[in-house]
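**Q** Here it is, the structure, as structure tokens.
The values are calculated or read from the model by the stated rules, or taken from the named source; none is laboratory data. In this text, all values refer to a predicted model and were calculated from it rather than measured experimentally. In this analysis, Cβ positions are derived from the backbone assuming ideal geometry, glycine residues included, and neighbour counts consider all displayed protein chains.
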Amino acid sequence: MAIKINQMVEMFYELKIQNEIVDSNLEKEAICFPYGLGQIISGLESRIIDMNEGETRTIKVPANEAYGEYDETLTQITPIEDFEGINLEIGMTLEGEGENNEILRATVIDVTKEDVTVDYNHPLAGCELEFKVIIKSIK
């Protein structure tokens, strides 16, 4: 029986970007989610609807249906004084609060004596995602 809206789906996955495994739960517990409520990325959700319990499939999700295209305008240069007391390193993730109390995450991409450049894009923005998906159960 194929997946239908609001059914609980248990799924194993392996995520590759450019043939490199970046995430997997194949040796762990399956994720469990109600299908159709947007709890997994839309491009993956729309591609598993016709899968059946026990089925395995390789699924490619383009960036625009995953974490979006990379947006150069989402980088910001800020005076280093704004980060006083923080031991900044390239690649570290910073968290802050937005105007509407939402949590904002940014990645440090450059540090000079005067400025810090941060990137508000999701770390996987601009990436085509390749999933190996195994449907454990559909309830």
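**Q** Just wondering, is there one or more residues in segment 59-70 that are over 30 Å from Asn6 (Cβ atoms) and surrounded by 12 or more Cβ atoms within 10 Å (Cβ to Cβ)?
**A** Among the residues of segment 59-70, at least one is over 30 Å from Asn6 (Cβ atoms) and surrounded by 12 or more Cβ atoms within 10 Å (Cβ to Cβ), which makes the answer yes.
**Q** Still on this structure: Hey, does segment 8-24 have a residue that's in a loop (DSSP other than H, G, I, E, B) and over 13 Å from Glu128 (Cβ atoms)?
**A** No, every residue in segment 8-24 fails to be in a loop (DSSP other than H, G, I, E, B) and over 13 Å from Glu128 (Cβ atoms).
**Q** Looking at the structure I just gave you, is Ile80 closer than 17 Å to Ile3 by Cβ and of a type outside the set (S, T, N, Q)?
**A** No.
**Q** What's the total number of residues in segment 111-122 that are touching a strand residue (DSSP E or B) at 6+ places or on another chain (Cβ under 6 Å) and farther than 16 Å from Glu81 by Cβ?
**A** 2
**Q** With the checklist (1) under 16 Å from the mean Cα position of the chain (by Cα); (2) of a type in the set (S, T, N, Q); (3) in the same structural domain as Glu29 (by TED's automatic domain parsing) in hand, flag the one item Thr56 doesn't pass.
**A** Answer for Thr56: the failing condition is (1).
**Q** Could you tell me whether Ile103 is without any contact (Cβ under 8 Å) to a residue 12 or more places away in the chain and more than 20 Å from Glu20 (Cβ to Cβ)?
**A** The answer is yes for Ile103.
**Q** Does segment 81-94 contain any residue that is assigned to a loop (DSSP other than H, G, I, E, B), among the small types (Gly, Ala, Ser) and surrounded by 10 or more Cβ atoms within 10 Å (Cβ to Cβ)?
**A** no
**Q** Just for strands (runs of 3 or more DSSP E) wholly inside segment 99-139: which have at least 2 residues that are within 30 Å of Ile3 (Cα to Cα)?
**A** Because the criterion is at least 2 residues that are within 30 Å of Ile3 (Cα to Cα), the strands (runs of 3 or more DSSP E) in segment 99-139 that meet it are 129-138.
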